[in-house]
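Just below is one structure, and these are the notes that go with it.
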Amino acid sequence: MPTGRFAPSPTSDLHLGNLRTALLAWLFARSSSSRFVLRIEDLDQQRVAAAPEVARRQVRDLQVLGIDWDGEPVRQSDRLDLYRDAAAGLDTYECFCTRREIAEASQAPHGSYRPYPGTCANLTERERAAKRAARRAAIRVRAQGAMMTVHDRHAGDVTGAVDDFVLFRADGTPAYNLAVVVDDALQGISEVCRGADLLDSAPRQAWLATRLGFSPPTYAHVGLAINQSGARLAKRDGAVTLADLAALQIPAPRVFAQLCASAGLPQAGAAPQLLEAVRGSDWWRASEIWEPWIVDAGRLVRGW
Ligand code: GLU
């Protein structure tokens with residue numbers, strides 16, 4: 001059955017941009033009678049441990065807006081064996097490079113991601129043994145310069161080069177790109193809706209899906225919320241979480257209506273009413289959905 005998902009990392013509260021992406025992901029699924037699941041991407045245990053209540057607050061904020069999901073939320077930290085098992089048959093190698101070494105050896109960064117230049121791809125056993133004595137290795141997949149094309153609902157066919165990206169970090173934690181692919185496949189995700197900052201990652205992830213024997217999903221990368229300087233919206237930009245806005249006497253239904261307006265959707269007060277209002281329409285053709293959403297937190301607060 002067609003299935004969509006929202007997959008937040010519980011490292012900080014959901015801000016307006018995250019909530020808008022959640023809303024759109026939910027709407028894509030529910031307006032096409034698909035299943036919708038919630039996945040807590042909590043593999044970065046250090047950051048998660050630093051903010052232990054965040055996952056619970058994220059779930060509550062989604063519920064407050066009327067966003068619902070099927071089944072219990074899945075937590076990646078409960079699924080480590082699945083990722084290890086899935087990766088077992090892949091052609092991989094140990095990588096001893098530091099971030100800095102990669103930055104120095106790679107070409108100009110592509111977005112914020114630096115394709116791995118292959119430094120450790122062909123080390124001899126002796127070189128590896130020497131490096132192991134000094135540092136723990138990350139595990140990279142050998143992609144052999146593959147190219148992969150994905151289909152995005154708005155961007156169309158997008159082709160990207162696949163580098164030898166990390167599957168397991170040096171501390172043994174499965175990396176985001178591995179976990180997301182395994183989970184999207186095992187949860188039967190047919191369309192991945194998420195922020196446009198991840199469009200560049202889609203060819204890499206779809207390629208890995210095919211290597212693991214899964215069919216890649218299609219994608220809907222929606223516009224990111226940005227601040228007035230053009231940087232990604234962050235909590236430090238002001239009152240941008242439901243809790244901040246509630247403290248300013250701005251109730252959730254008004255926030256919800258603003259999220260709808262920002263995406264060119266009928267202004268409803270909660271998710272079920274929005275679903276009713278878009279029924280039967282091609283709501284996703286609204287250009288605002290795909291464009292960056294400039295959030296001036298101060299002005300929004302005054303205007304609400
Ligand atoms: N967990 C990621 C994030 O919060 C999203 C991953 C995805 O949607 O593929 O940025």
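Over region 196-303, give the accessible area per residue in Å² for a 1.4 Å probe, as an integer. Numbers along the way, then the final one.
Values: 5230 Å² over 108 residues.
Per residue, region 196-303 has an accessible area of 48 Å².
Could you list the GluC sites (Glu not before Pro) in region 79-153 that lie in coil according to DSSP, counting only those with at most 15 other Cβ atoms within 10 Å of their Cβ?
Loop-located and lightly packed - none at all.
Taking only the Cα atoms of the chain, how large is their convex hull per residue, in Å³? Don't skip to the answer; put the middle values down first.
Working: hull volume 42.1 nm³, N = 304.
Spelled out: Cα convex hull of the chain, divided by residues, is 138 Å³.
Mean Kyte-Doolittle of at least 1.0 and a Cα length of 30 Å or more along the axis: which whole DSSP H helices of the chain meet both?
none
Ignoring ligands, DNA and RNA, what percent of the 1.4 Å accessible area of the chain is carbon and sulfur?
Values: 7150 of 14740 Å².
C and S fraction of accessible area: 49 percent.
Return one whole number: the accessible area per residue of region 1-86 in Å², for a 1.4 Å probe.
43
Looking only at Cβ-Cβ distances, which cysteines of the chain have no other cysteine closer than 4.7 Å?
Cysteines lacking a close Cβ partner in the chain: 97, 193, 260.
With θ taken as phi - 60° and the coefficients 6.51, -1.76 and 1.60, list the Karplus ³J(HN,Hα) couplings across region 216-227 in order, rounded to whole Hz; mark glycine and proline as x.
For region 216-227, the Karplus curve yields x, x, 8, 10, 9, 8, 9, x, 7, 7, 10, 8 Hz.
What whole-number value in Å² describes the accessible area per residue of region 127-182 for a 1.4 Å probe?
Details: 2720 Å² over 56 residues.
In whole numbers, region 127-182 has 49 Å² accessible per residue.
Cα gyration tensor of region 112-257, axes a ≥ b ≥ c as square roots of the eigenvalues: rounded (a/c below 1.5), prolate (a/b > b/c) or oblate?
Prolate, since a/c reaches 1.5 and a/b exceeds b/c.
Going by Cα centres, region 77-156 and region 220-283 are how many Å apart?
36
Is the shape of region 254-304 rounded, prolate or oblate, going by the alpha carbon gyration tensor and its root eigenvalues a ≥ b ≥ c, with a/c under 1.5 for rounded and a/b larger than b/c for prolate?
It comes out oblate by the Cα gyration axes.
Taking all protein chains together and a probe of 1.4 Å, list 244, 200 from the most accessible to the least accessible. Display every interim value, and only then the final one.
Values: 244 55, 200 80 Å².
If we order 244, 200 from most to least accessible, we get 200, 244.
The values are calculated or read from the model by the stated rules, or taken from the named source; none is laboratory data. All of these numbers come straight from a predicted model, not from anything done at the bench. Quick reminder, even Gly has a Cβ in these numbers, built from the backbone with ideal geometry, and neighbours come from all protein chains shown. For the accessible areas, the whole protein counts, side chains as well, though only heavy atoms, and no ligand, DNA or RNA atoms are used. Shrake-Rupley method; radii C 1.70, N 1.55, O 1.52, S 1.80 Å.
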